[in-house]
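See structure below.
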Amino acid sequence: MTSTLALPEIDKDLLERLARTIRGLAIDGVEAANSGHPGMPLGCADMAAVLWYYHLNANPADPDWKNRDRFVLSAGHGSMLIYALLHLAGYELSLEELKNFRQFGSKTPGHPENFVTRGVETTTGPLGQGFANGVGMALSAHMMHARFPELVDHFVYGIVSDGDLMEGVAAEAASFAGHHKLGRLIYLYDDNQITIEGDTDLTFTGEDVAKRFEAYGWQVLRAHGHNVDAINRALTEAKTNPDQPTLIVCRTTIGFGSPNKSGTAGVHGSPLGTDETKLTKKALGLDPEKTFDVPAEDLEAWKKCADRVAEAQKAWEAKLAAADEQTRKAFLAHYEQSLPDLKELRPESGGKAVATRKSAGAAENAYAAALPWLAGGSADLAPSTNTLIKGEESIGAGAFEGRNLHWGIREHAMGSICNGMVLHGAFRPFGATFLVFSDYMRPAIRLAALMKLPVVYVFTHDSIFLGEDGPTHQPVEHYAALRAIPNLTVVRPGDDEESFVAWEIALKNTEGPTALLLSRQNLPWLDRAGKGLAAADEAERGGYVLQDCDGDPKVILIATGSELHLALEAGKQLDGARVVSMPSVELFRSQPKTYRDDVLPPSCRRRVVIESGIRQGWHDIATDEGAFVTQDTFGASAPAENLAAHFGFTVDNVIEIAKGLEG
């Protein structure tokens, strides 16, 4: 495995000069903001200069080039490092933006945001997330290389920190990467042995990081973090190993160059201060009286670097143009990810009771057959989550031709790696587990929502009605917890046809992630051809009238998922009852007010919300005159029917609650 970029001989003097300018910009940005983390950029400038100037195959004139190398600054608190690099390398990031570091509306926020700054591949800051995102990018790169070996030949690089490697998500992702032999993944480890509280001796002495990563199956190399020759040699060697991800352990000095603060926790997250800034600049060979100084010869050098990469991209584009039409179309289809008419691909409704995990699995397979870019799997639960893509091979160690991913029991890494796959751009991934374990994924889900990444989460066993496994496995607060995340669409279908629509909602949603909440137990089939039943397609609007009464409703029963059939049966026995299915509160709230008022007339404030989760988040829909049949305590270990009776999820109880509103 070799880089597609023909590299010139290394120029040590040039690299040391470029690193010096990077350090100066980082110091000045933090000082101008009077806020930030100068220590990491000062310590990592040498490795960043070598990587970006001699190895990173990315074109500032076209940040979206499909075969570009990706760079992840997992230690996102050191954001002035990447901002300095982007500016110098020629990306659309002006010096004025560096001067506005951490200010409202700037393109240089406190931590790198991929939706704010061109050239930033992923939002980082929560430690370990960037590490795992890079694993997802590398996984996607390997999968694409297996399909298009002549067109995909790029690497994923990153700078990771002591803090990143302490986080559990990094351990999960590192294990996954080592097992899968992700040789296109190369991380520089900023081993400065300092955290906010002090030396890592406080917490991080019981392990040998290098040996840990060797045990994961990684190639581990070492380079002095301030020796540009050693860094270059290590990066060059890393790219020759196709069967192992590489961790390059670089011993560095945090706050390098600062006479009084280098090597201490004091330089981690605070500005140097006026006096120390001048002393540091003098020690580094910079003019203490100048700020945001970029020598013309530096810009000229970076322009030559950009020109080299532009030539490499030009050669790649010629190769793409020369490929046969079928190959070219197949390659581009992965990045375009257009959707056919999904309704035409829907499986047939079975007309009998079925668990929504099974009907959603049938929908996933029907759609996957037409969507080559849909890939994913489960956290060791595929037989239970029904997420295996039939007829497709499994992704395994060094085998990337298939689409079935086995994440192992690594829910957090699964979520973060899925984010990385979306960021890479070639696949739409899904990750599946039991709903209660969404807690293990929450940081990754939140970041997907923040970055507007269309990841699909398949969460099965969605209520106390999974039964005998008991309260440790029975989700209660999880519907509300997921709905509380901005820009996450949560869909809880109530039968097989709503399950088909739920997957369609997820696939059409390109502006954020979607969580599908699915039942373990069979749910009654709803005869939608019957009089008064709305078409399942209305589920795309989040809420709709499923069963209506004559005239204006006297009471409205609102239900989701496995409680929908209770609302229907109760509605038949109540005078003047309307039944509303609301599989997605978010989608319903996004509808025009006229539609929402048609479904839930403001004149009818007697409403009953029926859902096997806590009532939090429903009060505006229930109104102050409404009532709840909800699950506001933990569950218990018992057969589902006993739990239903004990916790009040019965037709009789719904009727009693509804009649209590009439007085």
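To keep it simple, each residue is scored yes or no on (1) of a type in the set (A, V, I, L, M); (2) touching a Leu at 6+ places or on another chain (Cβ under 6 Å); (3) not assigned by TED's automatic domain parsing to the domain that holds L435.
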site	(1), (2), (3)
G273	no, no, yes
V294	yes, no, yes
K303	no, no, yes
R308	no, no, yes
K319	no, no, yes
D324	no, no, yes
E364	no, no, no
L371	yes, no, no
Checked segment 389-435 for anything farther than 23 Å from T510 by Cα and among the aromatic types (F, W, Y); matches are F400, W407, F434
Would you point out the residue of segment 449-467, among those that are of a type in the set (A, V, I, L, M) and in a helix (DSSP H, G or I), that is surrounded by the most Cβ atoms within 10 Å (Cβ to Cβ)? I464
Anything in segment 340-354 that is touching a residue at least 12 places away in the same chain (Cβ under 8 Å), exposed (fewer than 14 other Cβ atoms within 10 Å of the Cβ) and under 20 Å from T510 (Cα atoms)? List them, or say none. P340, K343
Kindly list, by first and then second residue, each pair from a residue in segment 470-481 that is on the phi > 0 side of the Ramachandran plot to a residue that is of a type outside the set (D, E), limited to pairs with Cβ atoms under 8 Å and residues at least 6 apart or on different chains. G470/G635; G470/A636; G470/S637
Take A375 and tell me if it is touching a residue at least 24 places away in the same chain (Cβ under 8 Å), in contact with a strand residue (DSSP E or B) (Cβ under 9 Å, 6 or more places away or on another chain) and assigned by TED's automatic domain parsing to the domain that holds W503. yes
Out of all the residues in segment 284-339, which are outside any helix (DSSP H, G or I), more than 30 Å from G257 (Cα to Cα) and without any contact (Cβ under 8 Å) to a residue 40 or more places away in the chain? D324, S338
Subset of segment 144-153 (residues that are touching a residue at least 60 places away in the same chain (Cβ under 8 Å) and surrounded by fewer than 24 Cβ atoms within 10 Å (Cβ to Cβ)): H145, A146, R147, F148, E150, L151, V152, D153
A353 - would you say it is farther than 24 Å from L405 by Cβ and assigned by TED's automatic domain parsing to the domain that holds F434? yes
Anything in segment 592-613 that is touching an Asp or Glu at 6+ places or on another chain (Cβ under 9 Å) and part of a loop (DSSP other than H, G, I, E, B)? List them, or say none. P601, S603, C604, R605, R606, S612, G613
Name the single residue, out of those in segment 616-627 being buried (at least 18 other Cβ atoms within 10 Å of the Cβ) and over 34 Å from the mean Cα position of the chain (by Cα), that is nearest to K554 (Cα to Cα). G626
Given (1) closer than 21 Å to D380 by Cβ; (2) surrounded by fewer than 24 Cβ atoms within 10 Å (Cβ to Cβ); (3) touching an Asp or Glu at 6+ places or on another chain (Cβ under 8 Å), where does E504 come up short, assuming only one miss? (1)
Please determine, by comparing only the residues of segment 192-247 that are part of a helix (DSSP H, G or I) and of a type in the set (V, I, T), which one is farthest from the chain's Cα centre (by Cα). V228
Return the total of residues in segment 568-586 being without any contact (Cβ under 8 Å) to a residue 60 or more places away in the chain, surrounded by 24 or more Cβ atoms within 10 Å (Cβ to Cβ) and assigned to a helix (DSSP H, G or I). 1
Those residues of segment 592-609 that are surrounded by 13 or more Cβ atoms within 10 Å (Cβ to Cβ) and over 22 Å from A481 (Cα atoms) come to a total of 9
A careful count of residues in segment 558-573 that are within 17 Å of L661 (Cα to Cα), touching a Leu at 6+ places or on another chain (Cβ under 8 Å) and not small (G, A, S) gives 1
Scope segment 468-497; condition among the small types (G, A, S) and either part of a loop (DSSP other than H, G, I, E, B) or more than 12 Å from R442 (Cα to Cα) (or both); matching residues: G470, A480, A484, G494
Considering only helices (runs of 4 or more DSSP H) fully contained in segment 47-164, which possess at least 1 residues that are modelled with pLDDT of 95 or more, within 24 Å of R328 (Cβ to Cβ) and touching a helix residue (DSSP H, G or I) at 6+ places or on another chain (Cβ under 8 Å)? 129-147
Residue under question is I389, and the condition is that it be among the β-branched types (V, I, T) and over 15 Å from the mean Cα position of the chain (by Cα); does it hold? yes
Going residue by residue through segment 248-263, is there one that turns out to be closer than 21 Å to G128 by Cβ and part of a loop (DSSP other than H, G, I, E, B)? yes
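Rundown of residues vs (1) farther than 18 Å from A644 by Cα; (2) among the small types (G, A, S); (3) out of contact with any Gly (no Cβ under 8 Å at 6 or more places or on another chain), yes/no style:
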residue: F434; (1), (2), (3): yes, no, yes
residue: A449; (1), (2), (3): yes, yes, no
residue: V458; (1), (2), (3): yes, no, no
residue: H461; (1), (2), (3): no, no, yes
residue: G467; (1), (2), (3): no, yes, yes
residue: Q474; (1), (2), (3): no, no, no
residue: I485; (1), (2), (3): yes, no, yes
residue: W503; (1), (2), (3): yes, no, yes
residue: E511; (1), (2), (3): yes, no, yes
Conditions first: (1) within 19 Å of the chain's Cα centre (by Cα); (2) under 21 Å from D28 (Cβ atoms). Y157 passes all but one, so which condition is the exception? (2)
Looking at segment 505-547 only, could you name the residues that are in a loop (DSSP other than H, G, I, E, B), in contact with a strand residue (DSSP E or B) (Cβ under 8 Å, 6 or more places away or on another chain) and at pLDDT 95 or above? N509, G512, P513, L518, S519, R520, N522, G543
Quick one: which of T387, T433 is farther than 23 Å from Q244 by Cβ, among the hydroxyl-bearing types (S, T, Y) and in a loop (DSSP other than H, G, I, E, B)? T387
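The values are calculated or read from the model by the stated rules, or taken from the named source; none is laboratory data. Just so we're clear, the structure is a prediction, and the values are computed from it rather than from any experiment. When we count neighbours, we look across all protein chains shown, and the Cβ atoms used for this are built from the backbone with ideal geometry, even at glycine.
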